[in-house]
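The values are calculated or read from the model by the stated rules, or taken from the named source; none is laboratory data. Predicted model only: the values in this text are computed from it and were never measured. Here the Cβ positions follow ideal geometry from the backbone for every residue, glycine too, while neighbour counts run over all protein chains shown.
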Amino acid sequence: MAQNAFQPPPPRRTRGIVLSALGILALAGAVHVVRRPLMMAAPTCMAGRWHGCFDTFNGVVLMTLVTLPLAALVAWTLARRRRAAGVVGAWRMSLAEVGMVHGTVPFVWMILMPGAGAGTVPGRVSLIPLRDLITMGPLGIAGNLLVFAALGFFAPMRCAALASVPRVLALGAGCSVLVETAQYVLQLDRVSSVDDVLVNAVGAASAAWASRRWWRTTAQARSDRPRPAPAPVG
């Protein structure tokens, strides 16, 4: 029997399989945990009623999951058009654009939901770093880490100028400052906290670090530019 009859998979492929399996298990566990609150919002959302669906966290999360096939269809359409135009990295660019929008807008929507005293309670600001982390709790910290995680993960894949963890950290902090400012100006009965900005920025930077192997380089960005047609001979 030949010694090379069985070849073990290369280490990189094995690592990819293990990470994919862990990701699937984590996703299944998350779905198992949130299935009950999501099912509570399902009748209201399926009936198309605003109150009880789009003004609740459970309803927004449910609609985000339900619209995943639509997001995939949009990414496929964009990629197909770009490939027809000869754009290099069409799939990566299209997935990055759709991922940034689909993964960020629902979180921003939830952050800007008005509280019970919206419009009457004046805006509140907390500018002492790390003071609000204790009151956030593990769930609150995890939620704040995810607010701009999709933006941090996909932005360097779409734009070569953002292919840097410090730049994505600054981007996440800037976007978070805008959201916290909107909470204060619109008097949404929420506290505009510097800790929210810090955790949001760290979440964006951590997601960017996780996607660094797929970042778009300057050379790739130049190759995406349309090439001029050759001049006619004679």
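Observations
- Residues within segment 99-124 that are surrounded by 13 or more Cβ atoms within 10 Å (Cβ to Cβ) and closer than 16 Å to residue 190 by Cβ, tallied: 13
- Residues that are surrounded by fewer than 19 Cβ atoms within 10 Å (Cβ to Cβ) and closer than 15 Å to residue 217 by Cα, drawn from segment 88-97: 88, 90, 92
- Taken over segment 65-84, the residue count meeting the criterion of being surrounded by 15 or more Cβ atoms within 10 Å (Cβ to Cβ) and not basic (Lys, Arg) is 5.
Matching residues to (1) polar (S, T, N, Q); (2) modelled with pLDDT of 90 or more:
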{"site": "152", "(1), (2)": "no, yes"}
{"site": "155", "(1), (2)": "no, yes"}
{"site": "194", "(1), (2)": "no, yes"}
{"site": "201", "(1), (2)": "no, yes"}
{"site": "206", "(1), (2)": "yes, yes"}
{"site": "222", "(1), (2)": "no, no"}
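- For residue 178, the test of being assigned to a helix (DSSP H, G or I), assigned by TED's automatic domain parsing to the domain that holds residue 93 and at pLDDT 90 or above is passed.
- Residue 196 being closer than 14 Å to residue 111 by Cα and outside any helix (DSSP H, G or I): no
- Within segment 50-64, the set of residues being of a type outside the set (Asp, Glu) and surrounded by 13 or more Cβ atoms within 10 Å (Cβ to Cβ) comprises 52, 53, 54, 56, 57, 58, 59, 60, 61, 62, 63, 64.
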